[in-house]
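What follows is a single structure, written as structure tokens, with notes after it.
A short reminder: the numbers here are calculations on the coordinates, not readings from a lab. Model, not experiment: these values are computed from the prediction. In this analysis, Cβ positions are derived from the backbone assuming ideal geometry, glycine residues included, and neighbour counts consider all displayed protein chains.
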Amino acid sequence: MHEQQLLLLAGSGRLARIVHALVELGVADRLAGGPRTVAALADETGAHELSLYRILRSAAAVGVFAEGPVRTFSHTPLSEGLRSDNPDGVLPLVKYNNMALTWQPYEKILHSVRTGEPAFGQAFGMPFFDYLESTPEAGEFFERFMAHWSRRLVGTGLAEKGMERFSRVADLGGGDGWFLAQMLRRNPRATGVLMDLPRVTSSSGPVLAEAGVSDRVTVVPGDFFTDPIPTGCDAYFFKGVLHNWSDDRTRAVLHKVRRTIGDGDARVLIFDQVMAPQNEWDHAKLLDIDMLVLFGGRERTLAEWRELFAETGFELANEPGLSWTTLELRPVAAG
């Protein structure tokens, strides 16, 4: 049994490419109405019938689709997650993980292991976010991908956590403003500041207008590492942002926010991952390697988060859970 598990682990790269091929052919959507024969699927997708059968048979061996009589295939709970109409599915993640943008740096993973530096620069000649700025197609895909996951995670996790307390909210690295718009819709007396790179905030207009909050949002195109942090806010948000950055860079931006707050009592809310204890399965532990290889960032345990907060003049004001969770910080007086 252990040998078979090891073989699956060793061959998981093949499995990822098999699933990628089936996604590109749109097989999950074609099976939405019920079981289909391989012959029909091959005819609709322009695939070679026997080769498609072999690919589907391999996927079905691990529960992605199910093989029935006479080379028919149908959905399983796993393969349902590959349908384009499934809001809880992983189709965007499968596409993202099979882009050269993400898999080519993994070919240089030993560079990261040996140096602690992201391997992305070894594969593409520049840091990840510089590449997005210089390659519009990749940058636009990445922003769409991040918007999808932001809506899925934040919409179910952060938007209900006492937002009515705040009268002016700064969403730092807030993308196209979707979360800020939802928060302001729930709190009609509040105003907000949206800060992100110019390329990203340029798409915020329709999002804010659709939510009817354009007149209550100040859009600040900028980089929170190099540009001033907006003042006069009683809440500062980082949603799925700080795990992209090393401890040094995270400390730098938290120091900037702390200086901006000064003697005030504004809160900082961080929607991010808290990793599970040792030896426990947690997807964050895999995502942590993405952070290492692609960005130079990291996922963190609660103890590691607490250490960062203590070093930057904050303390936890709540008891966060594991996985995607909200860490609420209050400023601590110096001395």
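Miscellaneous remarks
- Exposure proxy for Met126, Met275: other Cβ atoms within 10 Å of each Cβ, ordered fewest to most, give Met126, Met275.
- Sequence of His2, His255, His75 once ranked by neighbouring C-beta atoms within 10 Å, starting from the fewest: His2, His255, His75
- Neighbour-count order for Leu22, Leu78, Leu50, fewest beta carbons within 10 angstrom listed first: Leu50, Leu78, Leu22
- Paramagnetic label reach from Asp234 (point 7 Å along Cα→Cβ; backbone nitrogen cut-off under 17 Å): within the stretch 159-194, residues 161-171, 183-193.
- Expected 222 nm ellipticity per residue - DSSP helices of 4 or more, -39500 (n - 2.57), all of the chain, to 500: -13500 deg cm²/dmol
- Lysine pairs meeting the criterion (Cα under 30 Å, 8 or more apart or interchain), as found in the chain: 11
- Mean Kyte hydropathy of -0.5 or more with a Cα span along the axis of at least 27 Å, helices from DSSP in the chain: 136-157
- Equivalent ellipsoid, the stretch 130-263 (semi-axes from 5 times Cα gyration tensor eigenvalues, Å): 21, 20, 14
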